[in-house]
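Trainee: Before I ask anything, here is the structure I am working with.
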Amino acid sequence: MQSTEQGKRKFKDYYELATDGSRWTIDQEFQACFDWTYDEGRAGMIGLYEKGKQMQWDAQTRIDWAQDLDPLNPQGMPDESLPIHAAACFQSMNETEKGEIRRHFQAWQLSQFMQGEQGALICAAKIVTQVPDSDSKFYAATQTIDEARHVEAYKLLLKKFNAVYPMTKPLADLIDQTLRDSRWDMTYLGMQVVIEGLALASFGTIRDHATNELCKQVNAYVMQDESRHVAFGRLALRDYYPTLTQKERDEREQFLLEASYLMRDRFDAIELWRHLDLPIEECATAMYESGFMDRFRNSLFSRIVPIVKDIGLWGETVRNGYEKMGVMGYADADVQALQDEDDHIARQYDARRAEIARVVNRARQTESSVVAAE
Ligand SMILES: [Fe+2]
Ligand SMILES: [Fe+2]
């Protein structure tokens, strides 16, 4: 899908909708904190730091960016994942027109991943500055480079879609609220628990249901890092929340619930349907009536609910809220098993690429020995 012409374009020229200027600034008021003790820290946290160092990778070389995308369905996702697939306006289109809608919807969703990753990059750097303990600072420093790499990987992938979209309002609102709050644990709660927990579930849908190898691979590698990030939030908050008063915990639960609703509704995509000149009401109706979309939205909470329970924000407010959202079924999911699986799947992609390279090399060697013999 990429021509040399596209290769020369600046990334900002890929935007389908105007952004609000070329920069977004959020006022901050918090204390930068030094730790003179340089304490060894918690074994679990230092373990994550060691893992973070050992598992660094280069998005340019670990992934073969020459792999192609199908212009009519770049990710190779089933149409059921398109929230308006049942709408009459979509059903009446020819294959080329349907392909355009798929490409734009997938690019819009992927753009939210890339934009969210920039949010994660800035939040991770804020945590390095603000968190009191050295072990958390060390770990968060490895996460900061991970997040830069994720922005890079999604940016490279988006260029192949030839379309980029600005951050949606619900995501921008949550990042704004998370960064503006001066309490260090709120950055973790907003970014490490809610945004990253939901992102993991979204990445997982593409990794597990797409048929395009490049799209599957990018998400598998990002997920391998992300599950470490969610584990970090979990470790830090599990120690901290029992030390707070009930009133302070209630306040966190309220924030958590509001953030969960904001994130659930970020898939409305109205600005996208409008941009594609589709009938808004028909699209909105099709989205709300689509059973798949309901299940999809709920499955997004598969990673977040067990973490929230684990860090001890499991009072009545959160339990009632999650009950209403229909996501309580995830409360007892095995977080460790999910993380181990993320790691295993990413390693399988490395093994696959190594095996292909081995076969190609052997074929080349055989060819050159035949030529030499002649
Ligand atoms: Fe990330
Ligand atoms: Fe992350």
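The values are calculated or read from the model by the stated rules, or taken from the named source; none is laboratory data. Just so it is clear, the structure is predicted and the values come from calculations on it, not from any experiment. Every residue, glycine as well, gets a Cβ built from its backbone with ideal geometry; the counts of neighbours run over all protein chains shown.
Trainee: For segment 107-164, give me each residue that is aromatic (F, W, Y) and more than 16 Å from ligand 1 (Cβ to nearest atom).
Mentor: Listed by number, the residues that qualify are W108, F138, F161.
Trainee: Of Q130, Q143, which residue is surrounded by fewer than 23 Cβ atoms within 10 Å (Cβ to Cβ) and either under 22 Å from K53 (Cα atoms) or away from ligand 2 (no atom under 12 Å from the Cβ) (or both)?
Mentor: Q130
Trainee: Look through L200, L214 and report the one residue that is touching a residue at least 12 places away in the same chain (Cβ under 8 Å) and either at positive phi or more than 16 Å from ligand 2 (Cβ to nearest atom) (or both). I'd like the intermediate steps shown before the answer.
Mentor: Values: L200 fails: either at positive phi or more than 16 Å from ligand 2 (Cβ to nearest atom) (or both).
Residue meeting the stated conditions: L214.
Trainee: Got a number for residues in segment 20-50 being among the acidic types (D, E) and in a helix (DSSP H, G or I)?
Mentor: Pass one, segment 20-50, residues among the acidic types (D, E): 20, 27, 29, 35, 39-40, 50.
In the following step, the residues that additionally are in a helix (DSSP H, G or I) were identified as 50.
Here the count works out to 1.
Trainee: Taking the criterion of being hydrophobic (A, V, I, L, M, F, W, C) and within 30 Å of R183 (Cα to Cα), would at least one residue in segment 291-302 satisfy it?
Mentor: yes
Trainee: It is to be established whether one or more residues within segment 220-230 are modelled with pLDDT of 90 or more, farther than 21 Å from H85 by Cβ, more than 12 Å from ligand 2 (Cβ to nearest atom) and surrounded by 17 or more Cβ atoms within 10 Å (Cβ to Cβ). Let's see the steps before the verdict.
Mentor: Taking segment 220-230 and keeping what is modelled with pLDDT of 90 or more, we get 220-225.
With the extra rule that they be farther than 21 Å from H85 by Cβ, the set shrinks to 220-225.
If we keep only those that are more than 12 Å from ligand 2 (Cβ to nearest atom) too, we end up with 220-221.
Those left that are additionally surrounded by 17 or more Cβ atoms within 10 Å (Cβ to Cβ): 220-221.
The answer is yes, given that some residue of segment 220-230 is modelled with pLDDT of 90 or more, farther than 21 Å from H85 by Cβ, more than 12 Å from ligand 2 (Cβ to nearest atom) and surrounded by 17 or more Cβ atoms within 10 Å (Cβ to Cβ).
Trainee: Next up: On the basis of being among the polar types (S, T, N, Q) and either modelled with pLDDT under 95 or loosely packed, with under 15 Cβ neighbours inside 10 Å (or both), does Q118 make the cut?
Mentor: no
Trainee: Of the residues that make up segment 245-254, is at least one touching a residue at least 12 places away in the same chain (Cβ under 8 Å), within 16 Å of ligand 2 (Cβ to nearest atom) and assigned to a helix (DSSP H, G or I)?
Mentor: no
Trainee: Kindly state which helices (runs of 4 or more DSSP H) lie completely within segment 105-199 and contain at least 1 residues that are among the aromatic types (F, W, Y).
Mentor: Counting at least 1 such residues, we get 134-161, 184-187.
Trainee: Tell me, yes or no, whether segment 239-255 has at least one residue that is away from ligand 1 (no atom under 16 Å from the Cβ), on the phi < 0 side of the Ramachandran plot, touching a Phe, Trp or Tyr at 6+ places or on another chain (Cβ under 8 Å) and at pLDDT 80 or above.
Mentor: Filtering segment 239-255 down to residues away from ligand 1 (no atom under 16 Å from the Cβ) leaves 239-255.
Right, trim to on the phi < 0 side of the Ramachandran plot and you get 239-255.
So of that shortlist, the ones also touching a Phe, Trp or Tyr at 6+ places or on another chain (Cβ under 8 Å) come out as 249, 252.
Okay, now just the ones that are also at pLDDT 80 or above, so 249, 252.
Checked segment 239-255: at least one residue is away from ligand 1 (no atom under 16 Å from the Cβ), on the phi < 0 side of the Ramachandran plot, touching a Phe, Trp or Tyr at 6+ places or on another chain (Cβ under 8 Å) and at pLDDT 80 or above.
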